[in-house]
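To keep things clear, I will list the structure first and then write my remarks on it.
Coordinate-derived values only; no laboratory data. Note that this is a predicted model, so its numbers are computed, not measured. Here the Cβ is made from the backbone with ideal geometry for all residues, glycine too, and neighbour counts use every protein chain on show.
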Amino acid sequence: MNTVFESKEEFIELYESSVMSLSGKPFEDTSDIDRFNALVKLIASKSRAIQTETEERVKETGQKRVYYFSIEFLIGRLLDNYLLNLGIRDLVKDGLAELGCDLDALEEYEPDPALGNGGLGRLAACFLDSMAHEGIAGYGNGMRYRYGLFKQEIVNGAQHETTDEWLSHGYPWEVRRPDKAVRIGFGGHVEQYERDGRMCFRTVDTEDVLAVPYDIPVVGYGAETVNKLRVWSAEPVEEVFDLEAFNRGDYAAADRHRAEAEAISAILYPNDAGEHGRLLRLKQEYLFVSAGLSSVLDTFRSEHGSDWKLLPQYVAIHTNDTHPAMCGPELMRVLIDEEGLEWDEAWDITTKTISYTNHTILPEALEKWPIDTFSKLLPRLYMIIEEISRRWRDDFDRSAPDWQDRLRQTAVLWDGQVRMACLSVICSHSVNGVAKIHTDILKRDTLKDFYVLTPEKFNNKTNGIAHRRFLAEANPAYAKLITEAIGTGWLDNADELAKLVEFENDPAFLEQVGRAKHDNKVRLANYVKRECGLDIDPNTIFDVQVKRFHAYKRQLLNIFKVMDIYNRRLTDPNFRVAPTTFIFSGKAASSYAFAKETIRLINSVADVINNDSRVNGVMKVCFIPNFRVSNAQLIYPSAEISEQISTAGMEASGTSNMKLMMNGAITLGTMDGANIEIVNLAGRENEKIFGLTAPEVDELRASGMHFAWDMYNGDPDRLGRIIDELTDDTFAGLSGSFESIRHEIMLNNDADFVMKDFHTYVEAWEELTASYSDHAAWNKMALHNTASSGWFSSDRTIREYRDEIWGA
Ligand code: F55
């Protein structure tokens, strides 16, 4: 462990001078925000000192560098995490206290950068943490959006989106590196020219923008390794301010050039299921790929010269989903056009360097770009893609009887479109899914033709989570208890959580587990009161579903359950219900009407139930607005039931399932995504599994024997009643009824099997909550879940990537 400060006194001295030099004021006159900024600046500069050491070590030892290309990094707040990782949290807290500052209060000033939509972006951030902990020279390469994912406000039950101005007070962790800026060319046309007696291609008449990097330190636990995340911002190449327009009073025209360039990095696209056909999105993808690669190759060149065949030995480039799929053709372009390599040699280097993770099987989420758009924006890259495609076709094995079908399924160019998933697979030496069932589905279904051709490329890497952030930092009450029981080793090695098994029959310990959970519920209840004005009772069960809103994630099934319990309780006051608070949180893509209506339904049901004194002793519904990393860290620790209820076969992995399990929640879920690994690790008796399995879903779909109207007619008292309540007055008081949801489910014949799984789901919930009254047994299950969750640390996931994909 590196020593960051010799003593508390040294910290105080350095900190005071940091505050004063940054603010230009005497310490007593500074505001909390001055104090926060100065604290971050101090920690960042200490981190950079370790970063320099890391960098020297990597150079000296010739360690392989891993570049994780992702268009999203949902990093969350960093200060608390870095204090923990540097081993100075207590020292800093005490030092600040001596100066009359409260660390927890200062931490509230940190922006929570929303540079991602959900699981995919958060996974990238967890991987940065784990790479640094594992001593991997691992670097993030992404986008610095001026506005992150929209802020969600709830107005009359409905989601409203406002801009996330996370940079308005500055971001003290980042360092702008104009010296490392890269010029990126769009449009233009390709011409041939002769260089050293060889015909080459170059693109002329391009419209250029400048990609300017900002570096954010990534501090690994143990303080031995500090890596960096580099995010790119788009700017005009030169200041072209139209003074004439300005003098005319046309200020917009005067600055148009700047605005056009900056638009590229202005927003994060808020759609987590594909963003098709938008030119600006394509520009984003090329910008961070091209600029990132340029910086990767600069580093390589400075260390190893231009011996490009050594590239795969010293560099791994990982592409997080298809958004960085242009890495393949762009690397080819640089190697051929700029470095003068022949195609075959460049191709060998490219495919040995690049690897790809798939995160979804949803067909609408597989990226495709119209050839027309693509070739106009990136003419040379498109030529290279055509050549990749031509060679793929020419080399295709035509001996199998179904080769034509196979070629059609694997073609990069098809139907006037560039298929990015095919491009990603073809340019990579490794293709992985994110949970066992997901990889199996990729092999059997989504990418089956590639699997038949190159089975050796395919492998599984079940996702993981940053356990230090989501357990140690988010849940200090529980973490303290765990450390008292098994020591601090689990922070370094999450497998040590298994030692908690020894305490599963210790009544006093189990009671403390329950008490920590209760404290966390009180903490969340206070947050809910502050944010929504709603009283929720920490003595009720906290049943939690937090994730992006999607039909397949079936928040609708959950709220149907709530409606059903409410209805039955009203019909029969003797119907026993374990007192429960149903907690939801998450955003819907702004253009996804069904998901937004589901949010409005939840809030409308909440409005009725929470104001009905007949049921308030036993149920409340709570929608927590604006789900993000910072409030997620309050929610996971308080959860007792983890709702993981996607239609089987649809959720690639899920990661909230792991975060909730680790914090001692019991999974109420389908056999989908990483729920399957959860069950395998903790035992089926410690979770509650219900519903159709993936093969059953397939079978039912294929049979055509699934009829929404039969289910509606067959159960008028419960399911039928719920469907009717979507369109009658029952829940319409807040902002109207829910015709479109009824329409979607009945006319689309229950496409996500919400009605089909309804009864087994409610039954499973009733059984699970009935067992809550035996607190000791419940706490034992909770502890067992935590004890079984160590495998889900992203440290483990990253070691698998390192050993089996990157060879780093
Ligand atoms: C974002 C942008 C686009 Cl264009 C497409 C997808 C996304 C996105 O956010 N996807 C996403 O989060 N996928 C999720 O990835 C997680 C990490 O692997 C999985 O756990 C989860 O199952 C999957 O849905």
So how long is each side of the stretch 673-731 along the principal axes, counting just the alpha-carbon atoms, biggest first, in Å?
-> 45, 31, 16
Here the tail fraction of P(r) beyond 20 Å, over all Cα-Cα pairs of the stretch 95-158, rounds in percent to 56 percent
Nonlocal amide H pairs with Phe542, under 5 Å, H built at 1.01 Å | Thr581, Glu640, Ile641
Percent of beta bridges antiparallel (DSSP, the chain, rounded to nearest 5) = 45 percent
Which entries in the list Lys64/Lys352; Lys64/Lys309; Lys352/Lys436; Lys59/Lys180 go over 21 Å, if you measure between the two C-alpha atoms of each?
-> Lys352/Lys436
Along the positive direction of the dipole of the chain (beta-carbon charges: Lys, Arg +1; Asp, Glu -1; about the Cα centre), which of Val190, Thr454, Ser18 reaches farthest?
-> Thr454
What is the chain's relative contact order, in percent, from Cα pairs under 8 angstrom and six or more apart in sequence?
-> 13 percent
Compute the FRET efficiency between Phe246 and Asp208 as 1/(1 + (r/R0)^6), taking r as their Cβ-Cβ distance and R0 = 25 Å, and round to the nearest 0.05.
-> 0.60
Label-reachable residues, the stretch 142-158, where backbone N falls under 19 Å from a point 7 Å from Asp612's Cα toward its Cβ | 157
Run the quick spin-label model on Arg742 and Ala253: label points 7 Å from Cα toward the beta carbon, then report their separation in nm to one decimal.
-> 5.5 nm
Cα centroid distance between the stretch 747-787 and the stretch 354-415, in Å?
-> 43 Å
At a Förster radius of 30 Å, what calculated FRET efficiency corresponds to the Cβ-Cβ distance of Glu531 and Ser21, to the nearest 0.05?
-> 0.25
Give me the net charge of Ile371's neighbourhood, meaning all other residues with Cβ under 11 Å from the Cβ of Ile371; Lys, Arg count +1, Asp, Glu -1.
-> 0
Quick note on Thr360, Thr540, Thr3, ordering by fewest other C-beta atoms within 10 Å, gives Thr3, Thr540, Thr360
One finds the C-alpha centres of the stretch 89-130 and the stretch 263-306 to be spaced, in Å, by 27 Å
Where does the charge balance sit around Gly340 when Lys and Arg score +1, Asp and Glu -1, over other residues with C-beta under 11 Å from its C-beta?
-> -4
The extension gain from Glu262 to Lys448, computed as 0.36 nm times the residue separation minus the Cα-Cα distance, is 62.9 nm
Apply the Debye scattering formula to the stretch 520-797, with a single equal point scatterer on each alpha-carbon and no solvent, then give log10 I(q)/I(0) at q = 0.13, 0.14 Å⁻¹.
-> -0.86, -1.01
Taking a point 7 angstrom from the Cα of Glu766 along the C-beta vector, which residues in the stretch 547-567 have backbone N less than 11 Å away?
-> 565
Applied in sequence order to the stretch 661-670, the curve 6.51 cos²θ - 1.76 cosθ + 1.60 (Karplus, θ = phi - 60°) yields integer Hz couplings, x standing for Gly and Pro, of 4, 4, 8, x, 8, 8, 7, 9, x, 8
What do you get when you divide the Cα radius of gyration of the stretch 170-323 by 2.2 N^0.38 Å, with N the number of residues?
-> 1.27
Proxy exposure order for Ser740, Ser31, Ser355, Ser642 (fewest C-beta within 10 Å first) is Ser31, Ser740, Ser355, Ser642
Added length on full extension, which subtracts the Cα-Cα distance from 0.36 nm per residue, Leu570 to His189 = 130.1 nm
Hey, rough spin-label estimate for His276 and Lys93, points 7 angstrom out along Cα→Cβ, what's it come to in nanometres?
-> 5.1 nm
What residues qualify as long-range amide H neighbours of Thr225, i.e. H under 5 Å apart, gap of 5 or more or another chain, H built at 1.01 Å from N?
-> Gly220
With θ set to phi - 60° and the Karplus curve 6.51 cos²θ - 1.76 cosθ + 1.60, what are the ³J(HN,Hα) couplings of the stretch 436-443 in order, to the nearest whole Hz, using x for Gly and Pro?
-> 4, 4, 5, 4, 4, 5, 4, 5
Estimated FRET transfer efficiency (Glu13, Arg515; beta-carbon r; R0 45 Å; 0.05) | 0.70
So, in the stretch 493-622, how many Lys pairs have Cα atoms under 24 Å apart, if the pair is 8 or more places apart or on different chains?
-> 27
Lys and Arg at +1, Asp and Glu at -1: add these up for the other residues within a Cβ distance under 11 Å of Ile641 and post the number.
-> -3
Extending each Cα 7 Å along its Cβ direction at Trp343 and Glu6, get the distance between those two points in nm, one decimal.
-> 6.5 nm
Can you put Trp791, Trp173 in order of Cβ neighbours within 10 angstrom, beginning with the fewest?
-> Trp791, Trp173
Place the peptides 112-123, 4-15, 674-685 in order of packing, highest mean first, counting for every residue the other Cβ atoms within 10 Å and averaging per peptide.
-> 112-123, 674-685, 4-15
Mind listing the Cα extents of the chain along all three principal axes, in Å, largest one first?
-> 91, 75, 65
Whole-Hz ³J(HN,Hα) from phi, Karplus 6.51 cos²θ - 1.76 cosθ + 1.60, for the stretch 488-497, glycine and proline x = 8, x, 5, 5, 7, 9, 5, 4, 5, 4
